[in-house]
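A quick write-up on the structure given underneath.
Each value in this text was obtained by applying a stated rule to the coordinates, not by laboratory testing. All values reported here derive from a predicted model rather than from experimental measurement. Neighbour counts are summed over all protein chains in view; Cβ atoms, including those assigned to glycine, are modelled from backbone coordinates with ideal geometry.
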Amino acid sequence: MRTGFLQYDVVFGDKEANQKKILSLIGGDHFDLLVLPELALTGYFMPSRAKTGELAEEFATGETFEFFRNVARQHDGAIVFGFAERASDKVYNSAALACPDGTAYLYRKTHLFNLEKHWFDPGDTGFRVFEFRGARIGIMICFDWLFPESARTLMLRGADIICHPSNLVLPYCQDAMITRCLENRVFAITCNRTGMERQGGETLAFTGRSQVVGPRGEVLAGSDGTSEKLVLLDLDPAVARDKTVTPHNDLLGDRRNDSYCC
Ligand code: ACM
């Protein structure tokens, strides 16, 4: 399965400019599964909840979905991307999996980071796993990384590959994801953005360093902190189904629910 990430600097509030950039960076390359950043077309640093609502769109309708469905169809591959989602009076920090046949699946960010608590409502979907071309694909968004339960829940629900759209500003996630993969024996594709955004007197600097990590904690591919680029590699999702650690240890079989708190 040809998978990877598209790392770029998102232009705040300009969906059209971001669409153009995405098309030019993808070019004619083939992929089966491609991960883009959190809030891939809108940008991150919202001035207000009202602006977030203005940039938000309903799931599976509107220009963002039309764009990503077209890209998925033209490249015959699935795309995971973050978007601001409007659903009646709520606004979620969400991610979708858009498939080439037009099917779309939804995840709403569970753990909101810092000022996101002013801009978004907490996600209510829980962690979900979707099937595409024989791979079981789980989704979590950015700050979900700090809660080991996110990746663990996805693994227990059968995920082979965790797609992880991100807008990271703290320096710890890339290292932590190595542990998340190792402790769950899964692949993870963390797609982070680059660049900076300013609101009032405050600046957020996004750290790039997107990466693909394998079930033994190996970094299979990565990027630097500033490049805008597409990175693709071949991986076999079935490798993540072997949870054997030693001849006497199995990651699932050795769990001790009687010793854990909830
Ligand atoms: C984050 O969750 N965007 C840091």
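Structure notes:
- Potential lengthening between GLU149 and ASP234 on full extension [0.36 nm per residue; Cα-Cα distance subtracted]: 27.8 nm
- Projected-area average for the range 113-222 over all orientations - Cα convex hull basis, square nanometres: 7.3
- In the chain, Cα pairs under 8 Å separated by at least six residues give a relative contact order of 20 percent.
- Gyration tensor verdict on the range 181-262 (Cα atoms; rounded if a/c is under 1.5, prolate if a/b is larger than b/c, oblate otherwise): oblate
- Nitroxide proxy distance, nm - points 7 Å out along Cα→Cβ at ASP29 and THR103: 2.5
- Considering all different alpha carbon pairs of the range 1-148, the Kirkwood hydrodynamic radius works out to 15.4 Å.
- Isotropic mean projected area of the C-alpha convex hull, the chain (nm²): 13.7
- Estimated [θ] at 222 nm from DSSP helical runs (n ≥ 4, -39500 (n - 2.57)) normalised by residues in the chain, nearest 500: -6500 deg cm²/dmol
- For the pair CYS261 and LEU170, the difference between a 0.36 nm per residue extended length and the Cα-Cα distance amounts to 29.9 nm.
- Just so you know, the Rg over Rh for the range 72-158 is 0.99, from Cα atoms, with Rh as the Kirkwood radius.
- Cross-link pairs beyond the 26 Å C-alpha cut-off, checked among LYS117/LYS229; LYS20/LYS90; LYS51/LYS109; LYS90/LYS229; LYS51/LYS229: LYS117/LYS229; LYS20/LYS90; LYS90/LYS229; LYS51/LYS229
- GNM flexibility winner over the chain from GLN174, GLN211, GLN74 (Cα, springs under 10 Å): GLN74
- Mean sequence separation of contacting Cα pairs (under 8 Å, at least six apart), scaled by the length of the range 1-76, corresponds to a relative contact order of 38 percent.
- Alpha-carbon centroids, the range 137-198 and the range 110-134: separation in whole Å: 12
- Computed E for ASP76/ASP224 - FRET, C-beta separation, R0 25 angstrom, nearest 0.05: 0.30
- Within the chain, helices built from complete DSSP H runs that reach 15 Å or longer along their own axis (Cα positions) and carry a mean Kyte-Doolittle hydropathy of -0.5 or higher are 15-26, 173-184.
- Packing, as the average of other Cβ atoms within 10 Å across residues, places the peptides 9-16, 166-173, 117-124 in the order 166-173, 9-16, 117-124, highest first.
- Kirkwood radius for the range 218-261, taken over all pairs of different Cα atoms as the inverse mean of 1/r, rounds to 14.3 Å.
- Karplus-derived HN-Hα couplings along the range 206-211 (A = 6.51, B = -1.76, C = 1.60, θ = phi - 60°), whole Hz, x at Gly and Pro: 8, 9, x, 6, 4, 7
- Cα-based convex hull volume of the range 140-189 per residue, rounded to whole Å³: 59
- D (Stokes-Einstein, µm²/s), Kirkwood Cα radius, the range 93-140, 1.567 mPa s at 4 °C: 109
- Percentage relative contact order, the range 142-216, counting C-alpha pairs under 8 Å, at least six apart: 32
- Between THR203 and THR125, the FRET efficiency estimated from the beta carbon spacing at R0 = 35 angstrom works out to 0.65.
- Antiparallel bridge percentage (DSSP; both residues within the range 32-125; nearest 5): 75
- Think of the range 136-188 as having a plus end and a minus end, set by charges on the Cβ of Lys, Arg, Asp and Glu; of GLY158, TRP145, THR179, GLY158 sits farthest toward the positive end of this dipole.
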